[in-house]
Structures are given as structure tokens and as C-alpha cells.
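Step one of this worksheet: look at the structure below.
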Amino acid sequence: MSYCKNKKALKEVKYDSNVEAASTYDLDKFRADVLSGLSLTPKRLSSKYFYDKKGDELFQRIMECPEYYLTRCELEIFQWQTNQLATRISGKSAEPFDLIELGVGDGTKTRFLLNELIETKTKFNYLPIDISGNILSELEHRLSHLDSLNITLLQGEYLDMLKEASRMSGNRKVILFLGGNIGNMDIKEAKAFCQNVRSMLLPGDLFIIGFDLRKDPHRILNAYNDKLGITREFNLNLLQRINKELDANFEIDKFAHYPTYDPHTGACKSYLVSSLKQDVRIGDTVVPFHEGECVFMEISQKYSFSEIKLLAANSGFSVIENFSDHKNWFVDSVWSASSSQSQPLSIL
Ligand code: AVI
């Protein structure tokens, strides 16, 4: 594996494999976000904080749960339609391009694509971005056998790092945003996010997004309510993280995991519900909870094909191809950056 020439500097500045030792800045931001979220009505915590070392492990276990179909469906797409995907990504030009992945996870799916691009001697640089240094460190290890891969690891928030990546070269850009991560934003946030991505791209650049599709509501709800209780643990782990990192005293067994799915809006939401009236201390701040009061933890928005098309149009893209699994439960939608910003359409 070789690296882009400025990788060393980036790795020193942006990448910290010891995520447990969060920087003072990160900790201050975490504290501020937690306290402001818990002062709202209804209370909320951001699911982006699920992913400490324990959270990463729990998410790996969720992906192996029989109920959590998303990963297997997307893996099927990457495993069986690799050639078509790679052809679409490479385009007609022989010029090198930058393949930038937002939120890489463990890179299992992308490995199929990387192998195909390498085997077909396509010229490209791979720039995975993730908030978790722990995950990036594992990815680097897993890809170490790919000798000819040009890779630059970027640790941080998606848009900050995307800006960083787009400054690094004038190459054509292909952005990957897989795993249904777009679902962890509500529809308005997703639109703002896609518009932001669009503002960093040139016409013809590609944005490939994995969407979990609307389907039988029971199947969706079960995916967030697995029998082994791993998703429950995943949600409660954020309270444990707050206890550890922000000197708090959440009593974990006094909160119940409550997932919901609304087939009308396509929003799957998880809450933690206080089982009694209680006060929780976070540092010097006391946060009161009523009996039955909930904390909104996470949204996993589900989409129809027409909602995907609308989101693309409303954020300056057009859908050029959809790759779905054989059950049509999940889609990787390939968008091309349009040359002029189209008129906003209704509802989004
Ligand atoms: C990372 N993300 C796409 C997952 C999802 O399906 O919303 C996170 C998750 N939350 C509970 N289970 C999985």
C-alpha cells in the first residue's frame, strides 16, 4: 500500500488511533452537545456519539444480527454488481479520480470495489473519512495487503474532511456514502447535507448514497429491536460513555430502549425512556427526568425511489443509476452533480 505524498502530514494532524484519549476540544464539544440536547423538550442526544470503542464493537455485532438486513443487502450489491459499479465510477476518461468515502465503517463492502478497480488497473486515490480513529486504524490494517492502493486516511467530521480532501487535488471526485448512514439524518438535514456536498463538487462528479428502502414495517422495526438486545445495549452505551467521559451518574437500568417505526413518514426512531422520576448529574449540572420522559436517540429514515429522486433534484444532483439487492430492500443510488442548480421541488 502506498500513500499520497501529503498523507504523512495528514495522518499526524487528522488521525489519532487512540480515540479513548479524546482531545480537550472534542470533550468540550461533546459536553456542550450533551448538555444542550438534554435541556431541550423533548430531550435528545446525538447518535453520532454512539461510536466510541465499545459502540464500534456493538455496531459490528448489530450488523451480524439476523434482524439487521441492511449490511447484508448492501454487501450483496457490492459483491455481485462490482463490475457494473466500477464501470460506472471509472467513467470513460483514463484520468485519475479521487474516491472519497464518508464514514467507512470496516470497509468490507468497499473492498470488493477497490479490488475490482485495482484489477482493472484504474488510476484512483482512495480517501476514507471516519470520525472514529479506532475504525480507521482497523481499516488501514485490513487493506494493508493492497500494495498498489494510494490511500489517505482522514479522521474527523464528514464535511470538514471532505473540504480538506477537495483541496488536495483537482481530480474528478466520486463520493461514497454507504451503509444507510444518510438515514441517520432527518429529511431536512439530509437535504442540507447533500447540498453541502454538492457545493464542494463540480458538474459530473459522482455521489453514491446507500439508502434503506421502505418495506414491511415489522421488518424495519425488528431490525432496530433485535432479540439479543444488542441495539438496546448500543443505545444505552451512550449513557455509559457520558458517565465515563463527562463525570455523570446515569443509572443505566433506569432507562428502557424504545424503538418505533412510522410507515407514513418512513422514520424509524429510537428513544430511551426514564422508568421513574430521577435526577442525573453530569459534571456540575443536574438534569431532572420525569417518570416516562424520553430521550430521542436516533433516526433511521427509510426512503422510496421517488423520495430519493426528489432529494437528488433538491440538492443539485440527478440520479443516473440505482443498484438494488435482489429483494429491493436497499439501494445504492448513483447521482451526478448537475451543471446548474435546479429549482427546488415541493415537500423537501
Ligand atoms: C449507521 N446506521 C446506518 C445504523 C442505522 O441503521 O441507522 C445505525 C444503527 N442504529 C441502530 N442499529 C443500527
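What the table below lists for this structure:
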| read-out | value |
| --- | --- |
| Residue 182 within 16 Å of the ligand (Cβ to nearest atom), open to solvent by less than 40 Å² (accessible area, probe 1.4 Å), part of a strand (DSSP E or B) and over 13 Å from residue 98 (Cα atoms) | no |
| Of the criteria (1) touching a Pro at 6+ places or on another chain (Cβ under 6 Å); (2) of a type in the set (D, E, K, R); (3) within 16 Å of the ligand (Cβ to nearest atom), which one residue 123 fails | (3) |
| Residue in the range 140-168 that is modelled with the highest pLDDT, counting only those that are under 16 Å from the mean Cα position of the chain (by Cα) and open to solvent by 60 Å² or more (accessible area, probe 1.4 Å) | 160 |
| Selection within the range 259-276 - within 14 Å of residue 222 (Cα to Cα) and open to solvent by 30 Å² or more (accessible area, probe 1.4 Å) | 260, 261, 262, 263, 269 |
| Members of the range 139-155 that are in contact with a Cys (Cβ under 6 Å, 6 or more places away or on another chain) and part of a strand (DSSP E or B) | 150 |
| Within the range 282-303, tally of residues that are over 23 Å from residue 232 (Cβ atoms) and surrounded by fewer than 14 Cβ atoms within 10 Å (Cβ to Cβ) | 4 |
| Count of the range 169-179 residues which are more than 12 Å from the ligand (Cβ to nearest atom) and modelled with pLDDT of 95 or more | 6 |
| From 163, 188, 215, residue being more than 12 Å from the ligand (Cβ to nearest atom) and free of Cβ contacts under 8 Å to residues at least 40 places away in the same chain | 163 |
| Lone qualifier among 273, 286, 295 - being within 16 Å of the ligand (Cβ to nearest atom) and farther than 21 Å from residue 190 by Cβ | 295 |
| Members of the range 84-112 that are in a helix (DSSP H, G or I) and open to solvent by 20 Å² or more (accessible area, probe 1.4 Å) | 84, 87, 88, 90, 108, 109, 111, 112 |
| Scan of the range 49-63 for residues that are open to solvent by 10 Å² or more (accessible area, probe 1.4 Å), within 22 Å of residue 189 (Cβ to Cβ) and within 10 Å of the ligand (Cβ to nearest atom), ordered by number | 51, 59 |
| Of all residues making up the range 122-136, the number that are over 12 Å from residue 152 (Cα atoms), open to solvent by 10 Å² or more (accessible area, probe 1.4 Å) and of a type in the set (S, T, N, Q) | 2 |
| Test: residue in the range 76-83 that is in contact with a His (Cβ under 9 Å, 6 or more places away or on another chain), among the charged types (D, E, K, R) and either surrounded by 16 or more Cβ atoms within 10 Å (Cβ to Cβ) or modelled with pLDDT of 95 or more (or both) | yes |
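So that you can scan it fast, the table gives a plain yes or no per residue for (1) open to solvent by 40 Å² or more (accessible area, probe 1.4 Å); (2) within 16 Å of the ligand (Cβ to nearest atom); (3) over 16 Å from residue 105 (Cα atoms); (4) modelled with pLDDT of 95 or more:
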position	(1), (2), (3), (4)
4	no, no, yes, no
23	yes, no, yes, no
39	yes, no, yes, yes
44	yes, yes, yes, yes
65	no, yes, yes, yes
71	no, yes, no, yes
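The values are calculated or read from the model by the stated rules, or taken from the named source; none is laboratory data. Everything numeric here is computed off the predicted structure, so don't read it as measured data. Glycine gets a Cβ as well: all are built from the backbone with ideal geometry, and neighbour counts include every protein chain shown. Heavy atoms of the whole protein, side chains included, go into the accessibility calculation; ligands, DNA and RNA do not. Shrake-Rupley method; radii C 1.70, N 1.55, O 1.52, S 1.80 Å.
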